[in-house]
Structure formats: structure tokens, C-alpha cells
Amino acid sequence: MDDIDKKIIRILQTNARTPFNHISQETNVSRDTINNRFNSLCKNEIIRGTTILLNPKKTIEGTFAFIGIKTKMSDIETILAQIKRMAGICSISKAIGEYQIEGILLGKSMEEMSQTKEIIENIPEVIDLIVEMFVDTPLLCPQNFEFD
């Protein structure tokens, strides 16, 4: 990945719908080169797709919460497989630190959040679970993702 590839990525991070003609002008290379480089970045899974980012404050009703799960180290994959299928789980991942699994949960009500918490707590491999409410909607800021 060279500087032109990085510039293509930065432009698309700002607006995934930027026409290749515009990217061509910004990078001083031909549109065909941009097309070929984009296809190569996709083929090599550097770019996994392009998408729109919704404003959660305007599109989603509910409350976001951080979840931290302590578990037996040998059971992480089993627990992840169960949790990632649950309604309301926006993000879930292995972690290093106090919790072996961390994620973001969206609940339309406190009752819904409590139900999800209870379901997770009842997974036999789960040792402990915390849920901490966000006071504001978390924002994804892809323009801040750095790469070298």
C-alpha cells in the first residue's frame, strides 16, 4: 500500500460515494488507475466495502451501553458465538484487560436491556458481567482511523 492507496482510502473514509473522477483529480492519476487500485484494495481485503453511516441520534431510539464480560479463557469463542446473535448487540469482541469480552448493546428500554443482561448472565461460562450506560450516543469516526 503506497501513498496513493492511502489517499484513496482517506477520501473514501470522508465520503464513500466520492466519484472516481474526483479521486483521480485529487491524486493526479487516471480514473482507470483509481478503479484498478480500488479493486485491488478490495481484493486484498484492505477495503471490505463501502457504506453509509447513519446518525444514531436521528435514526435509533434507545440507549447504548458498554458491556464487559468476565469468562473462563477457554470459553470465549463459545460465548462470542452466542452473544453475537442476540438482538441489540451492536459490537462484540475479545478484549485484553479486566474483561475478556467487551461490546456495545442497544436497548429500546431499560427492561429490554435488563432482559439481555439476564440472558448473558445465564450463559454457564460467564463469570461476571457489567453494563454501563452511555450518557450520549457513541459516534463512529472513520475519518480518525489511522494506518501506515
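The values are calculated or read from the model by the stated rules, or taken from the named source; none is laboratory data. Just so you know, these numbers come straight off a predicted model, no measurement behind them. Heads up, the Cβs are rebuilt from the backbone with ideal geometry, glycines too, and the neighbour counts pull from every protein chain shown.
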### Task
Quick one: in the stretch 63-86, of everything that is of a type in the set (G, A, S) and in contact (Cβ under 8 Å) with a residue 24 or more places away in the chain, which residue is surrounded by the most Cβ atoms within 10 Å (Cβ to Cβ)?
A65
### Query
Being assigned to a loop (DSSP other than H, G, I, E, B), farther than 30 Å from L129 by Cα, modelled with pLDDT of 95 or more and among the polar types (S, T, N, Q), is that true of even one residue in the stretch 19-32?
yes
### Task
Search the stretch 104-136 for residues being surrounded by 19 or more Cβ atoms within 10 Å (Cβ to Cβ) and touching a Leu at 6+ places or on another chain (Cβ under 9 Å), and hand back the single one that is nearest to I83 (Cα to Cα).
I120
### Query
Among the residues of the stretch 87-103, which ones are in contact (Cβ under 8 Å) with a residue 24 or more places away in the chain and loosely packed, with under 13 Cβ neighbours inside 10 Å?
A87, E98
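Identify, please: which residue in the stretch 48-86 is among the charged types (D, E, K, R) and at pLDDT 80 or above and is, among those, nearest to T18 (Cα to Cα)? Before the answer, list the steps.
Taking the stretch 48-86 and keeping what is among the charged types (D, E, K, R), we get 48, 57-58, 61, 70, 72, 75, 77, 84-85.
So of that shortlist, the ones also at pLDDT 80 or above come out as 48, 70, 72, 75, 77, 84-85.
Details: R48: 16, K70: 43, K72: 46, D75: 43, E77: 38, K84: 32, R85: 33 Å.
In this case the residue turns out to be R48.
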